[in-house]
Structures are given as C-alpha cells and as structure tokens.
Amino acid sequence: MSKIKTVLFDLDGTLIDTAPDMANALNRLLKEENLAEMSFENIRPVVSNGSVALVKLGFGNDIEDKLLARLKTRYLEIYQQHLCEDSVLFDGMAQLLNHIEQQKMNWGVVTNKPGWLTEPLMQQIGLLDRAACIVSGDTTENRKPHPQPMYHACLAAGSKPYECVYVGDHRRDIEAGNNAGMKTIVALYGYIDSTENTDDWGADINIEHPDEIIAHLYA
C-alpha cells in the first residue's frame with residue numbers, strides 16, 4: 001500500500017506542456033510592437049517564471065514599470081485568446097493520472113498561474129473535473145514558495161501534508177512542498193534553465209519522465 005494519498009503537480013512545465021502557446025503569445029506581442037520574434041528554444045526555459053519574466057525576456061530587463069505593466073496586460077490578453085491551441089499533457093502524464101486514479105489515490109494542481117487562466121486551461125484540456133483540487137496563484141493570500149497554497153490543496157484533497165507528494169520544475173515548487181512537509185520531486189523534463197543546479201533545490205528525487213513517479217508513490 002502507498003503511504004501517498006495525493007499527488008500534486010505544478011501546472012506549466014510539470015503537468016501540461018504549455019510552452020508552445022505561451023511562446024506564441026510572446027511572439028505575437030513582439031510582432032505587434034514591430035520587434036523580431038524569438039526562438040522557442042530561448043523562450044521555453046523562462047515559461048515557468050510567468051508573464052513578467054516573459055515580457056522582460058522579449059523587451060529587456062530594464063523596461064520601465066509603466067510599459068512593463070501595459071505589455072504584461074496585453075501579453076495575457078493574447079495568451080488567453082490562444083490558451084490551449086498547442087498545449088498538451090507531457091508524454092506519459094495521461095497514463096500516470098490514470099494509474100493514480102486506479103489506485104484510489106487522487107491528484108491536484110498547485111500553480112502560481114491566476115485562476116482565470118488555470119481553470120479554462122484545465123477545462124479545455126479535459127482535466128478540470130478529474131482534479132481533486134486546483135489551487136491557483138490567486139486562490140490563497142500567499143503564493144508559492146509559501147506553504148499556504150499547499151495546505152489549501154491538502155484540505156481540498158482530503159490528505160495530510162505527509163501523505164502528499166508535490167512535483168514541480170522550479171525551485172519555488174520544491175521550497176513550497178518542503179515548507180509544507182510534503183515529499184518533493186523535480187520534473188527535469190520541465191522548463192528548467194540550463195544554468196540551474198537542481199541538486200541544490202532540496203527535493204527528495206529528480207525524475208526525467210512522468211512514469212518514474214509511480215515507483216516513488218510506494219517507496
């Protein structure tokens with residue numbers, strides 16, 4: 001029998017491969033502003049850092065606050081309009097979710113993405129009604145790496161923190177899970193910058209593929 005009752009996932013770069021749609025939104029914005037589009041390879045590692053980081057990637061880190069705010073708003077408008085055109089579950093994730101459900105465990109999402117994007121995305125990809133909990137960046141007062149969203153997810157899923165494992169592709173994901181007393185897993189297949197040393201994040205394990213999670217549900 002598994003000691004784990006609930007598997008919690010970060011959204012972008014862990015559960016769903018959203019980078020194509022998020023990169024396309026940035027390139028649409030760059031085109032609107034008469035700037036050259038960027039390669040997908042340059043955009044992908046930044047996706048987990050959110051809309052501000054993406055706008056700064058495209059328009060420069062020294063961009064003034066007023067312009068940043070305008071471009072962020074426009075970026076999110078474009079992204080919302082093309083939310084789930086090329087986004088898909090990561091390879092092996094559908095089978096993993098099926099396994100979790102077949103074993104009478106449950107699963108959920110804890111993301112810093114705002115709810116007005118998270119829930120439509122989950123709906124469009126066909127997972128909204130299957131998730132035991134969906135905690136977005138605006139669900140609780142604090143966001144990851146604070147443990148509050150993790151505790152909220154536990155309550156919704158009906159599990160204690162020590163009965164949960166959290167899977168993510170960013171340092172803040174692992175910090176949030178650790179801060180809440182959960183088992184933590186780094187998704188190396190996600191949007192991790194090549195300069196990052198994930199061994200320093202303090203996770204229990206690193207995985208290269210979602211199907212590796214199954215073995216760690218029973219360890």
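Brief remarks follow.
- Looking only at residues in the range 137-154 that are among the polar types (S, T, N, Q) and part of a loop (DSSP other than H, G, I, E, B), the one that is least open to solvent (accessible area, probe 1.4 Å) is THR140.
- Every residue from the range 81-111 that is of a type in the set (Gly, Ala, Ser) and open to solvent by less than 30 Å² (accessible area, probe 1.4 Å): SER87, GLY92, GLY108
- Count of the range 11-43 residues, restricted to those that are in a loop (DSSP other than H, G, I, E, B), free of Cβ contacts under 8 Å to residues at least 24 places away in the same chain and on the phi < 0 side of the Ramachandran plot, is 4.
- Residues in the range 172-219 that are surrounded by fewer than 18 Cβ atoms within 10 Å (Cβ to Cβ), touching a Phe, Trp or Tyr at 6+ places or on another chain (Cβ under 7 Å) and either on the phi < 0 side of the Ramachandran plot or not small (Gly, Ala, Ser) (or both): GLU208, HIS209.
- Just one of the listed residues (ILE134, ILE78, ILE125) is touching a helix residue (DSSP H, G or I) at 6+ places or on another chain (Cβ under 8 Å) and open to solvent by 30 Å² or more (accessible area, probe 1.4 Å), and it is ILE134.
- Flag: ARG130 matches the condition of being under 19 Å from ASP17 (Cβ atoms) and assigned to a loop (DSSP other than H, G, I, E, B).
- Scanning the range 155-171 for residues being in contact with a strand residue (DSSP E or B) (Cβ under 6 Å, 6 or more places away or on another chain) and buried (at least 19 other Cβ atoms within 10 Å of the Cβ) gives a total of 7.
- Inside the range 1-49, residues that are over 21 Å from the mean Cα position of the chain (by Cα) and among the hydrophobic types (A, V, I, L, M, F, W, C) make up a count of 6.
The values are calculated or read from the model by the stated rules, or taken from the named source; none is laboratory data. Please read these numbers as outputs of a predicted model, since none were measured by experiment. Counting neighbours? That spans all protein chains shown, and the Cβs are built from the backbone with ideal geometry, glycine included. When the accessible area is computed, the model is the full protein with side chains, heavy atoms only, and any ligands, DNA or RNA have been set aside. Shrake-Rupley method; radii C 1.70, N 1.55, O 1.52, S 1.80 Å.
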